[in-house]
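Step one of this worksheet: look at the structure below.
The values are calculated or read from the model by the stated rules, or taken from the named source; none is laboratory data. Bear in mind that the values here come from a model prediction, so they are computed numbers and not experimental data. When we count neighbours, we look across all protein chains shown, and the Cβ atoms used for this are built from the backbone with ideal geometry, even at glycine.
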Amino acid sequence: MSPARSELSGSKRCIICWKQGAKEPRMDLIRRCRAGNEQAWAELFHRYKNLVYKTAYLMLGDADEAEDVLQEVFVQVYKSLGAYDPEKGAVTTWLYRITINCSLNWRRGWCPLVPLDRVRDSVPSPEGRMEEKAVWQAVDKLSGKLRAVVVLRYYWELPYAEIAHILDIPLGTVKSRLNLALRTLRKELEEEEASAGTRLSQQEV
């Protein structure tokens with residue numbers, strides 16, 4: 001069990017993680033993009049569109065809005081690629097930061113999440129889908145700042161230091177936000193479990 005998953009084991013819930021498969025592009029791809037090479041831009045987009053879309057979807061909970069954010073992110077990438085400095089972080093770190101910021105600016109309220117199998121590469125079992133849905137419905141109630149650290153830590157399994165770099169906050173703030181998010185999630189899940197048990201008992205009477 002990974003460190004990220006073990007932190008939620010006490011509540012008998014886990015957030016199903018998807019590991020990123022794409023490798024960092026070589027700087028020659030970045031240079032070709034900066035030179036206006038359309039093929040290089042297409043390669044960059046296709047390599048990272050899933051990362052951007054999934055992050056936006058998890059932040060917003062709406063497929064159409066995630067598509068809009070996807071387009072906005074790559075508009076910003078196009079405008080600011082000349083300022084990208086690989087010494088300050090990987091391309092993925094840069095893209096996470098842009099996507100999180102775009103998502104936070106896109107909407108201040110959250111809408112209900114639909115099942116995550118729409119954005120996963122594999123479809124979970126029915127039991128897994130129900131478990132996953134319960135967790136993300138609870139995540140849906142978190143503030144934007146708490147939701148961002150949860151998405152980066154438990155969906156993308158990023159280390160604390162990278163999350164701090166992406167969000168431009170101190171490492172201690174990342175940990176405190178995660179602790180608060182976990183306490184909030186555990187309380188929400190326990191209340192939902194108790195409520196479900198009460199409803200079941202009433203049905204059996």
By residue number, the members of segment 164-205 that are in a loop (DSSP other than H, G, I, E, B) and either crowded, with 17+ Cβ neighbours inside 10 Å or modelled with pLDDT under 85 (or both) are 205
Condition check: in contact with a Phe, Trp or Tyr (Cβ under 9 Å, 6 or more places away or on another chain) and hydrophobic (A, V, I, L, M, F, W, C). Does residue 158 satisfy that?
yes
Item checked: Verdict on residue 104 being surrounded by 15 or more Cβ atoms within 10 Å (Cβ to Cβ), modelled with pLDDT of 95 or more and assigned to a helix (DSSP H, G or I) -> no
Scanning segment 131-187 for residues that are of a type in the set (Lys, Arg) and free of Cβ contacts under 8 Å to residues at least 60 places away in the same chain gives 133, 141, 145, 175, 177, 183, 187
Among helices (runs of 4 or more DSSP H) entirely within segment 1-96, at least 2 residues that are surrounded by fewer than 19 Cβ atoms within 10 Å (Cβ to Cβ) and at pLDDT below 65 occur in 3-6
Per the list (1) crowded, with 16+ Cβ neighbours inside 10 Å; (2) modelled with pLDDT of 85 or more; (3) within 23 Å of residue 66 (Cβ to Cβ), residue check on residue 116 breaks on (2)
If we keep only residues of segment 148-183 that are under 15 Å from the mean Cα position of the chain (by Cα) and among the hydroxyl-bearing types (Ser, Thr, Tyr), then the residue farthest from residue 135 (Cα to Cα) is 160
